[in-house]
Each structure stands twice: as structure tokens, then as C-alpha cells.
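As C-alpha cells, the structure follows; a few thoughts come after it.
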Amino acid sequence: MKEIMTWLFFWQDPVLRDPTLGCCFLCLGVSVVGVILFLRKETLLGEVLSHASYPGIALGTVGVAMWNQSRSQDELLFFLGILGGAFLSCWLGVRCIQFLQKQQRIASDTALCFVLSSFFGVGLLVTSGLQFSFPHLYKKIFFYLYGQAATLREEHVWIAFGGSVFVVLLVVAFYKEIQLLLFDPLYAKSLQIPVGVWNHLLLFVTTLILIIGMRSVGVVLMSGMVVAPAAAARQLTHRLSWMFVWAGGVGVLSGFLGNLLSVQGTDWLQILYPGERLILPTGPVIILVACFFVCLAVLYRKVRDVRSC
């Protein structure tokens with residue numbers, strides 16, 4: 001009974017409810033997109049897009065601060081400015097990848113690694129320049145490096161909810177088209193399906209949900225949230241529809257349990273070490289929970305294969 005009350009407390013407490021809901025919605029959308037990237041063997045693209053967004057996050061924060069001279073702490077304005085800057089930075093990163101691959105004939109993995117390192121380096125350079133001159137802006141940008149799920153507010157939850165619902169509805173409404181694009185794009189083209197348009201749409205959706213999800217998990221750890229639920233789902237089923245369902249479920253559970261273990265684990269550490277300031281950050285804990293589900297799924301598949309022999 002006590003455990004049930006603890007779980008319900010996270011949905012009822014006004015301080016914990018928004019971070020919990022926000023992480024669950026964000027992990028749901030990222031997990032569904034992760035299935036598409038996983039099956040297209042483009043999981044490294046998620047890593048590149050998340051790192052390529054970092055200079056846009058920094059410049060977007062500075063741009064909003066310069067435009068809003070009053071410097072009022074309008075978190076929604078800063079969040080929207082950061083999303084806009086991150087999206088433009090990701091778009092520029094994608095264009096650079098396409099230029100290197102098509103015009104310069106550079107291998108795909110080399111182009112991806114080059115864009116990842118160079119864009120992320122520019123973001124760190126801009127952020128370091130703000131560390132002492134504008135510490136309040138540096139703090140806002142630093143939130144997106146490793147995530148700051150505990151500071152999610154109601155407006156962040158609604159944005160996360162809208163992004164995740166958009167992704168889920170897109171997959172449900174155009175499931176057959178997505179299935180053809182994933183497994184037989186040549187046949188899809190023969191059926192007059194605009195493959196190029198769909199590739200751009202999926203890239204747009206991937207970029208959108210990734211930059212929204214960075215608020216909870218962070219730039220550095222976002223690739224883990226993209227890969228882990230899809231990898232776990234792949235161990236449990238061979239059907240695409242159920243893979244989406246399993247990945248979404250793992251994502252939601254990872255978001256909730258990550259918040260739960262972060263808060264409860266921090267309380268336990270304070271009891272065990274009262275003189276130390278030890279905390280469990282929510283973003284890394286979410287990734288660890290998702291990785292734990294991957295291990296369970298792999299173990300389940302091994303046991304199932306042994307029994308079927």
C-alpha cells in the first residue's frame with residue numbers, strides 16, 4: 001500500500017507532477033521516432049542531430065535575451081527561442097552532411113562524425129564565452145547539456161504532449177506508408193508514394209522531437225533514449241506495429257521510473273550520508289532505466305530461444 005501511495009504521489013504532487021508527465025511524454029515521442037531510426041540503421045543520425053543542436057541552443061538563448069531587454073524570466077519565451085535556434089542548427093547540420101556526402105563524396109559515417117564534433121565544439125565555445133560574462137544565460141544553456149527534468153513546468157509538459165501526440169498520430173495514420181519506406185522503398189516508389197517528401201517529413205519529425213526531448217535528457221544522453229527503447233522492443237517482437245508499442249511503453253516506463261528513482265534515491269542518499277550533497281540526476285537515471293529494460297529484453301529473448309530449441 002505504501003508503494004502505491006508513493007507512485008500516486010508523483011502524479012498528484014504539484015512539484016513532481018510536471019517533471020514526471022513531461023519526461024513520460026518526451027520519452028514516448030523519442031522512443032517512437034527511435035524505432036524508425038533503428039530500423040533504417042540511422043541511429044547515429046539521432047546522436048548527430050542532438051549534438052548539432054547545441055550551438056543553436058546557445059545562440060537562441062542569447063538572441064532571446066538580446067531581444068527581451070527587460071530580462072524578465074519568461075521561461076516559455078526562452079524555451080521557444082531555444083527550440084527555434086536548435087531547429088535551425090540541426091537543419092544546417094543536415095545540409096552540411098548532405099553536402100559532404102553528395103558533393104565531396106565523403107563516407108556517411110565520416111560526414112556524420114565531422115558534423116557532430118564540429119557543431120558541438122562550436123556550441124561549447126559559445127557557451128564557455130558566456131560562463132562569466134552572462135552567468136544567468138550560461139545556466140539556462142547548461143541545462144540542455146545533461147538535461148534538467150526537475151525544472152520542467154506546465155508549459156513544457158504541453159509542448160512535450162503536443163510533440164508526442166503528433167508523432168504517434170503520424171505513425172498511426174500513415175502506418176502502411178512508413179512500413180513500406182522502412183522495408184521496401186523501391187516498391188513504395190513504384191506505388192507513386194513520394195519517398196523524397198516522406199524522408200524530409202520523417203527528418204523534420206525526428207529533429208522536432210529530439211530538440212523537445214533535450215530539456216529532460218540532455219544533448220549528451222539523447223542518443224541513449226533514441227536507441228534503448230527500440231533495441232528493447234526489437235528483442236521482444238518481429239512485428240513493426242508491436243515494436244512501436246513496446247518501444248513507447250519502455251520509453252514511458254523509463255521516464256516515470258527515472259523520476260521516481262531520482263527523487264527516492266536522492267532521499268536515500270541523504271539519509272545514508274547526511275553530511276554530503278549527493279543527488280541522482282533525472283536524465284542519466286532515465287537512460288540507465290532504459291538500458292536496464294534492454295538487458296531484461298535480451299535476457300528474455302535468450303531464455304525464449306533456449307526453451308524453443
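The values are calculated or read from the model by the stated rules, or taken from the named source; none is laboratory data. Computed from a predicted structure; not experimentally measured. Virtual Cβ from ideal backbone geometry, glycine too; neighbours counted across all protein chains shown. For the accessible areas, the whole protein counts, side chains as well, though only heavy atoms, and no ligand, DNA or RNA atoms are used. Shrake-Rupley method; radii C 1.70, N 1.55, O 1.52, S 1.80 Å.
What are the residues in the stretch 263-303 that are in contact (Cβ under 8 Å) with a residue 24 or more places away in the chain and either farther than 17 Å from Leu236 by Cβ or more than 23 Å from the chain's Cα centre (by Cα) (or both), if any?
Applying the first criterion (in contact (Cβ under 8 Å) with a residue 24 or more places away in the chain) to the stretch 263-303 yields 263-264, 281-291, 293-294, 296-298, 300-301.
Val263, Gln264, Pro281, Thr282, Gly283, Pro284, Val285, Ile286, Ile287, Leu288, Tyr300, Arg301 - these are the residues of the stretch 263-303 that are in contact (Cβ under 8 Å) with a residue 24 or more places away in the chain and either farther than 17 Å from Leu236 by Cβ or more than 23 Å from the chain's Cα centre (by Cα) (or both).
Could you list, ordered by first residue, the pairs with Cβ atoms under 8 Å in which the first is in the stretch 173-194 and more than 16 Å from Val32 (Cα to Cα) and free of Cβ contacts under 8 Å to residues at least 60 places away in the same chain and the second is among the hydroxyl-bearing types (Ser, Thr, Tyr) and open to solvent by less than 60 Å² (accessible area, probe 1.4 Å), at least 6 apart or interchain?
Hits for this filter: zero, empty list.
Mind checking which residues of the stretch 267-285 are part of a helix (DSSP H, G or I), aliphatic (A, V, I, L, M) and open to solvent by less than 70 Å² (accessible area, probe 1.4 Å)? Spell out how you get there, then give the answer.
First, the residues of the stretch 267-285 that are part of a helix (DSSP H, G or I): 267-272, 282-285.
Adding the requirement that they be aliphatic (A, V, I, L, M) leaves 269, 271-272, 285.
Selection gives Leu269, Val285.
How many of the residues making up the stretch 228-242 are within 19 Å of Phe183 (Cα to Cα) and crowded, with 23+ Cβ neighbours inside 10 Å?
Adding up the residues that qualify gives 2.
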